[in-house]
Ligand SMILES: Cc1ncc(COP(=O)(O)O)c(C=O)c1O
């Protein structure tokens, strides 16, 4: 089945749900047994519901996986992956340039719980071997990264990590399964903040994980049920509805972002544009190989590297709303320094190149002429 068909038909059989075209919202905390000891497919809603099962199966199909798992947020999904793969004394090696919330979870929750957390620049996959230690159990990757749109070579890193017995997880939020499938590139685990493109309408907080290994699936399922960070059925329904148009929305996000990146690249108020689709992006060739298109997020350094300058542009924008998130139909602008990466220490931000005079644009699916005019007036 091709991608656009999977988004609409995978994971759901209308014959099992009174022929309802859309998976019904099973708004119930439990399911009745007819007798003691009866084995039910669904018993208690933390363990599973038909609505959540439909989402999990659809998502697994999109990532060419065998098992999908839904969580109450992207962070709950990351937390579950870390708990399912690491024990105290184990080490996780993470790509240095990653989402601020993931950095906070690793350093403020996992490290105090006895997990050794290390970060490395893995731009050159050959550097991985030297960065691993005998205690490394998990390699945590994000590609492209939030907010600087750096890529890592997932296939090369996965092959190298596997030679050392290390599992590989990829946060695929920015690419979406439409543009990149990490499991096909050799990763063991793929994770998404479905709050972003998969949900796609800025109306649901949700996380997703998929694997194609039965043992890993068992461990993640155990953590999902044991810790209970699961989404409710209404949120699962919204994510499913969003997914049905993922392929259409992503094409428009990519079209619009390419135009925005090209416009900003020649604008006198802009010092630098970060977008994997630009020929001068240092990993443009890798992006062409690893992704189907280049995504909907564009980040810039303003020439005036001050919070005041970033604030002035953000406040003048009419259609790009100043907000924390990304990946919805509407365009957003984010001041990464104080917003998405507010939880990261200033010295870490400095090391990564996250600046005060920097803005991240989540380019929506509005008319491109209106978006370009909005940027022009805000930067004038
Ligand atoms: C790349 C990435 N991963 C994970 C998350 C966390 O997801 P959530 O906000 O759904 O918990 C985010 C949120 O911005 C993100 O951008």
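The values are calculated or read from the model by the stated rules, or taken from the named source; none is laboratory data. Being a predicted model, the structure only gives us computed values, none of them experimental. A quick note on method: Cβ atoms are made from the backbone with ideal geometry, for glycine too, and the neighbour counts reach across all protein chains shown.
General remarks:
To keep it simple, each residue is scored yes or no on (1) more than 17 Å from the chain's Cα centre (by Cα); (2) within 12 Å of the ligand (Cβ to nearest atom); (3) farther than 20 Å from residue 47 by Cα; (4) assigned by TED's automatic domain parsing to the domain that holds residue 75.
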residue	(1), (2), (3), (4)
155	yes, no, yes, yes
164	yes, no, yes, yes
172	no, yes, yes, yes
181	no, no, yes, yes
185	no, no, yes, yes
198	no, yes, yes, yes
221	yes, no, no, yes
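- Total residues in the range 340-366, condition within 11 Å of the ligand (Cβ to nearest atom) and at pLDDT 95 or above: 2
- Qualifying residue in the range 27-40 (condition: within 16 Å of residue 239 (Cα to Cα) and in contact (Cβ under 8 Å) with a residue 40 or more places away in the chain): yes
- Helices (runs of 4 or more DSSP H) (entirely within the range 50-130) containing at least 3 residues that are in contact with a strand residue (DSSP E or B) (Cβ under 8 Å, 6 or more places away or on another chain): 50-62, 74-85
- Qualifying residue in the range 85-101 (condition: surrounded by fewer than 14 Cβ atoms within 10 Å (Cβ to Cβ), closer than 18 Å to residue 220 by Cα, more than 16 Å from the ligand (Cβ to nearest atom) and over 20 Å from the mean Cα position of the chain (by Cα)): yes
- Residue check, residue 343 crowded, with 20+ Cβ neighbours inside 10 Å and not in a strand (DSSP E or B): no
- Counting only helices (runs of 4 or more DSSP H) wholly contained in the range 241-335, the ones carrying 1 or more residues that are in contact with a helix residue (DSSP H, G or I) (Cβ under 6 Å, 6 or more places away or on another chain) and more than 16 Å from the ligand (Cβ to nearest atom) occupy 246-265, 307-316.
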